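Q: There's a structure below that I have some questions on.
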Amino acid sequence: MNASIIDPLQGDFPEVIEEYLEYGVMKCIAFNRRGTLLAAGCSDGNCIIWDFETRGIAKELRDKDCAAAITSVCWSKYGHRILVSAADKSLTLWDVMSGKRITRTVLQQTPLQARLHPGSSTPTICLACPLSCAPMIVDLITGTTTVLPVLIPETCSELAPSSRNKLSDGAPSYSPTAACFNKYGDLVYVGNSKGEILIIDYKRIQVYAVVPISGGAVVKNMVFSRNGQYILTNSNDRTIRIYENLLPSKDEIRTLDSISENINDLEGVEKLRAVGSKSLTLFREFQDSITKIHWKAPCFSGDGEWVVGGSASKGEHKIYIWDRAGHLVKILEGPKEALIDLAWHPVHPIVVSVSLAGIIYIWAKDYTENWSTFAPDFKELEENEEYVEREDEFDLNPETDKIKESDVNEDEEVDIVTVEKDAAFSDSDMSQEELCFLPAIPCPDEPEQPEKCLESFSKPVDTNNSGSPLSEEAGLNGHLENHVLSPLEDDAGGTYVKRKRKPSEKGLELQAEKVRRPLKANGSNLQESECRNTGDPEPGRCRRTDGRKWRCSHNALPNQRHCERHLPKPRFHQLDENV
């Protein structure tokens with residue numbers, strides 16, 4: 001597809017299902033940073049990596065110690081590692097290129113979601129959100145966990161210190177809590193069951209700010225936009241909210257310290273809320289005011305201009321797309337299967353969704369070509385029109401045909417070495433090699449075992465009756481009789497690979513009647529027999545033909561298929577004396 005002939009006025013969002021991917025029962029998906037690889041977690045504990053350009057499987061990560069369903073997958077910043085959380089309470093870190101397991105950690109609770117540290121090229125810590133426990137920072141190498149605070153006491157000005165232990169038990173029970181890193185991994189944003197967003201420094205276990213959510217609904221999902229400027233929350237009140245991040249992209253902790261120092265007249269929770277009002281501000285709210293449906297896996301587009309959310313209703317596969325201004329621009333309706341996960345391609349206007357049946361659907365844009373880009377006066381016609389040329393259209397006008405002098409300075413040097421940075425990857429470290437593709441490993445085709453032909457056609461028959469229809473029918477009947485006596489040739493002789501099907505009683509009766517029927521020696525019966533066996537409408541005619549319409553008009557010799565002229569003759573090859 002040529003980008004120059006695409007209409008720029010079309011919306012940059014998907015419209016139709018372009019393709020679907022099928023492998024087992026897939027539960028969750030995640031793109032790498034460039035969108036060239038797609039990881040999918042399956043119900044049998046395996047992680048499949050698809051090459052999104054070729055739509056083929058590039059790698060299979062199989063863990064022999066895990067047979068439970070995968071709950072989430074997460075790529076590292078440069079795509080060299082991938083973190084997989086499973087329903088058996090395990091966190092597994094994989095090396096993508098080699099396909100080897102780096103480490104495996106087992107928690108006390110099932111992790112519903114796990115995210116690697118986004119600021120490290122080779123991360124060893126992750127943020128896990130267990131089923132009935134507070135979010136925690138997990139060191140994947142040592143196995144130690146650091147539980148993060150999720151509630152702010154109304155009376156206490158200071159938080160009780162969180163415990164640092166190695167998979168210790170006895171933690172208090174919580175409802176499922178959402179949490180995510182910011183863009184560079186300095187802070188953790190936690191949404192609790194009281195409808196609050198906590199901004200936490202996970203290294204010092206310090207809560208810097210609290211942002212209350214209108215309505216006080218439980219926060220189910222949280223995700224940052226690619227540039228870190230906006231954060232999206234999905235609450236139990238069936239509303240998707242977008243908050244604008246007022247903090248700078250870097251040195252956020254230092255900025256929060258300065259804001260907290262300037263607020264001296266407040267203490268405790270009121271001070272934390274005052275700092276939160278200067279950290280996040282509500283930008284937009286999205287909801288379906290008519291159906292009031294719950295939302296599943298909402299997220300931003302790659303450039304942050306669109307917001308997408310899936311319907312959580314059973315039996316429907318609907319995807320809602322809004323622009324950042326809050327207008328609903330498209331509703332995508334898929335198959336009659338519930339939607340369980342959703343992801344937007346980091347670069348292209350492509351949405352990938354996972355159905356309850358474990359099938360991945362790829363939604364892409366239905367482009368229309370605009371050929372007026374090549375010629376401004378180009379006009380598309382609904383039907384052919386007769387063109388009437390002007391009288392002076394092809395006259396030679398030397399004065400007007402002179403080539404206008406170009407204003408371009410031809411002596412100016414053109415820089416073809418410097419590579420401009422893409423705004424979507426502005427934080428990329430050029431010294432770090434990014435893993436975008438995996439080498440393809442060709443799989444040898446399994447050799448097919450051809451079925452053996454019938455004995456009457458594979459073995460030579462008697463030369464005296466080689467061409468007679470009587471001998472053909474007799475050979476066929478004899479072969480059928482052998483199968484009647486031994487329907488399982490593979491058990492008796494061992495020469496056949498496939499098991500032969502035993503003929504029915506009706507077939508046995510027809511075969512026995514055919515054997516008992518006396519064959520007359522006259523020519524008509526021979527011709528009828530040959531016509532019945534070979535399907536030739538003129539059995540007594542020579543079979544010599546050119547493969548199209550012409551056929552020899554002479555009669556065939558007795559017990560032969562050709563006339564005397566076209567009868568195949570044996571050829572004797574003489575050895576060359578010079579060889």
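The values are calculated or read from the model by the stated rules, or taken from the named source; none is laboratory data. Keep in mind it's a predicted model, so treat the numbers as computed, not measured. Reconstructed Cβ throughout: ideal geometry from the backbone, glycine too, with neighbour counts over all protein chains shown. We work out accessible area using only protein heavy atoms, side chains counted, and drop any ligands, DNA or RNA first. Shrake-Rupley method; radii C 1.70, N 1.55, O 1.52, S 1.80 Å.
Q: Would you tally the residues in segment 279-315 being over 27 Å from SER249 (Cα atoms), open to solvent by less than 50 Å² (accessible area, probe 1.4 Å) and touching a strand residue (DSSP E or B) at 6+ places or on another chain (Cβ under 8 Å)?
A: 6
Q: Right, next: When you scan segment 235-257, do you find a residue that is farther than 28 Å from VAL307 by Cβ and touching a Ser or Thr at 6+ places or on another chain (Cβ under 7 Å), even just one?
A: Looking for residues that are farther than 28 Å from VAL307 by Cβ and touching a Ser or Thr at 6+ places or on another chain (Cβ under 7 Å), one finds none in segment 235-257, hence no.
Q: Among the numbered criteria (1) in contact with a Leu (Cβ under 8 Å, 6 or more places away or on another chain); (2) at positive phi, which single criterion is violated by GLY45?
A: Evaluating GLY45 over (1) in contact with a Leu (Cβ under 8 Å, 6 or more places away or on another chain); (2) at positive phi leaves (1) as the failure.
Q: I've got another one for you. Please verify whether segment 350-364 includes one or more residues that are open to solvent by 40 Å² or more (accessible area, probe 1.4 Å) and not in a loop (DSSP other than H, G, I, E, B).
A: No, because not a single residue in segment 350-364 is open to solvent by 40 Å² or more (accessible area, probe 1.4 Å) and not in a loop (DSSP other than H, G, I, E, B).
Q: Restricting attention to segment 268-278, which residues are basic (Lys, Arg) and surrounded by 19 or more Cβ atoms within 10 Å (Cβ to Cβ)?
A: none
Q: Also, quick follow-up: Mind checking whether some residue in segment 175-185 is open to solvent by less than 20 Å² (accessible area, probe 1.4 Å), modelled with pLDDT of 90 or more and farther than 18 Å from CYS74 by Cα? So that I can check it myself, show each step before the final result.
A: Quick first cut of segment 175-185, residues open to solvent by less than 20 Å² (accessible area, probe 1.4 Å) only: 177-182, 185.
Within this subset, residues satisfying the condition of being modelled with pLDDT of 90 or more are 178-182, 185.
Checking the rest, the ones that are also farther than 18 Å from CYS74 by Cα come to none.
Scanning segment 175-185, I find no residue that is open to solvent by less than 20 Å² (accessible area, probe 1.4 Å), modelled with pLDDT of 90 or more and farther than 18 Å from CYS74 by Cα, so the answer is no.
Q: So SER260 clears everything in (1) farther than 30 Å from ILE360 by Cβ; (2) hydroxyl-bearing (Ser, Thr, Tyr); (3) part of a loop (DSSP other than H, G, I, E, B) except one condition, right? Which one?
A: The failed condition is (3).
Q: May I pose another question? Can you run down the residue pairs with Cβ atoms below 6 Å, 6 or more apart or on separate chains, where the first is in segment 320-348 and among the acidic types (Asp, Glu) and the partner is open to solvent by 70 Å² or more (accessible area, probe 1.4 Å)?
A: Here the result reads GLU337/LEU356, each pair linking segment 320-348 to a residue that is open to solvent by 70 Å² or more (accessible area, probe 1.4 Å).
Q: Which one of the conditions (1) surrounded by fewer than 22 Cβ atoms within 10 Å (Cβ to Cβ); (2) not in a loop (DSSP other than H, G, I, E, B) does TYR208 fail to meet, given that it meets all the rest?
A: Unmet for TYR208, out of (1) surrounded by fewer than 22 Cβ atoms within 10 Å (Cβ to Cβ); (2) not in a loop (DSSP other than H, G, I, E, B): (1).
Q: Would you check if GLY35 is modelled with pLDDT of 90 or more, at positive phi and open to solvent by less than 40 Å² (accessible area, probe 1.4 Å)?
A: The answer is yes for GLY35.
Q: Within the bounds of segment 12-19, is there any residue that is touching a residue at least 40 places away in the same chain (Cβ under 8 Å), under 23 Å from CYS180 (Cα atoms) and over 18 Å from the mean Cα position of the chain (by Cα)?
A: The answer is no, given that none of the residues of segment 12-19 is touching a residue at least 40 places away in the same chain (Cβ under 8 Å), under 23 Å from CYS180 (Cα atoms) and over 18 Å from the mean Cα position of the chain (by Cα).
Q: Further question: Starting from residues that are of a type in the set (Asp, Glu) and modelled with pLDDT of 80 or more, keep the ones in segment 412-436 and report whichever is nearest to ILE82 (Cα to Cα).
A: The first filter runs over segment 412-436 and keeps only residues of a type in the set (Asp, Glu), leaving 412-413, 415, 420, 422, 427, 429, 433-434.
From what's left, modelled with pLDDT of 80 or more: 412-413, 415, 433-434.
Details: GLU412: 47, GLU413: 44, ASP415: 38, GLU433: 16, GLU434: 13 Å.
Among residues in segment 412-436 that are of a type in the set (Asp, Glu) and modelled with pLDDT of 80 or more, the one nearest to ILE82 (Cα to Cα) is GLU434.
Q: Find the strands (runs of 3 or more DSSP E) located wholly in segment 266-333 whose residues include 1 or more that are within 23 Å of the chain's Cα centre (by Cα), and list them. Working first, answer last.
A: On the way: elements: 280-286, 295-300, 306-311, 318-323, 328-333.
Filter on segment 266-333 gives 295-300, 306-311, 318-323, 328-333.
One line per residue, one yes/no per condition, for (1) at pLDDT below 95; (2) in contact with a strand residue (DSSP E or B) (Cβ under 9 Å, 6 or more places away or on another chain); (3) open to solvent by less than 10 Å² (accessible area, probe 1.4 Å); (4) closer than 20 Å to ILE152 by Cβ:
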residue: ILE240; (1), (2), (3), (4): no, yes, yes, no
residue: PRO248; (1), (2), (3), (4): yes, no, no, no
residue: ASP251; (1), (2), (3), (4): yes, no, no, no
residue: ARG254; (1), (2), (3), (4): yes, no, no, no
residue: LEU266; (1), (2), (3), (4): yes, no, no, yes
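Q: Could I ask something else about it? Please work out if ASN227 is closer than 23 Å to PHE181 by Cα, in contact (Cβ under 8 Å) with a residue 12 or more places away in the chain and part of a strand (DSSP E or B).
A: The answer is no for ASN227.
Q: Which of the strands (runs of 3 or more DSSP E) found entirely inside segment 43-139 contain at least 3 residues meeting this: surrounded by 20 or more Cβ atoms within 10 Å (Cβ to Cβ) and among the aliphatic types (A, V, I, L, M)? I'd like the intermediate steps shown before the answer.
A: Numbers: elements: 47-51, 56-61, 70-75, 81-86, 90-95, 100-106, 111-116, 125-130, 136-139.
Filter on segment 43-139 gives 81-86, 136-139.
Q: Being part of a loop (DSSP other than H, G, I, E, B) and closer than 20 Å to GLN113 by Cα, is that true of even one residue in segment 240-256?
A: No.
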